[in-house]
Amino acid sequence: MRLSEYIKYADIGLAALVRAGKVQPAMRLARKAHDEVDPRIKVVIEFYEEAAFIAPAHTGHFDGMPFLGKKLGTTEAGRLQEKGSRQFKGYRFTTDSFFLRRARAAGLKTMGRATTSELGAASSDHSQW
């Protein structure tokens, strides 16, 4: 699948194509999209290189579809969570947030983290529900 075709699908549509064996795993396409587009828009501040090579778990509605985290309220154990601020440079949480656990159960796969405004407000996940 070419990138021009990839961007026409929503995540669930791509997941169906991956399950049907009609396209390669979406992480590779996401990496290609990153390499072609991000140098112009400069949104991705960290791409999880290893994520592009791990086979999808084939779970949930999203079946291994990639997504970027903003790293404001949604925490990921061991990953940087700098809140867009030099004050939090190098800060890492030791646990996954409720939202991230639910996203993974639905089949989403974190491929990296994106830029954010300094100490921006998070709309999810400050509680354990």
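The values are calculated or read from the model by the stated rules, or taken from the named source; none is laboratory data. Bear in mind the structure is a predicted one, so any value in this text is a computation, not a measurement. Here Cβ is always computed from backbone atoms with ideal geometry, including for glycine, and neighbour counts include all displayed protein chains. These accessible areas exclude ligands, DNA and RNA; they are computed on the full protein's heavy atoms, side chains included. Shrake-Rupley method; radii C 1.70, N 1.55, O 1.52, S 1.80 Å.
Here are some notes:
- Of the residues Tyr6, Tyr48, ranked by 1.4 Å probe accessible area with the largest first, the sequence reads Tyr6, Tyr48.
- Accessible surface, 1.4 Å probe, highest first, among residues Glu46, Glu5: Glu5, Glu46
- Structure note, pairs Lys42/Lys70; Lys32/Lys109; Lys42/Lys71; Lys8/Lys42: Cα-Cα distances above 18 angstrom occur for Lys8/Lys42.
- Charge context of Gly90, other residues only, Cβ under 13 angstrom, K/R +1, D/E -1: +4
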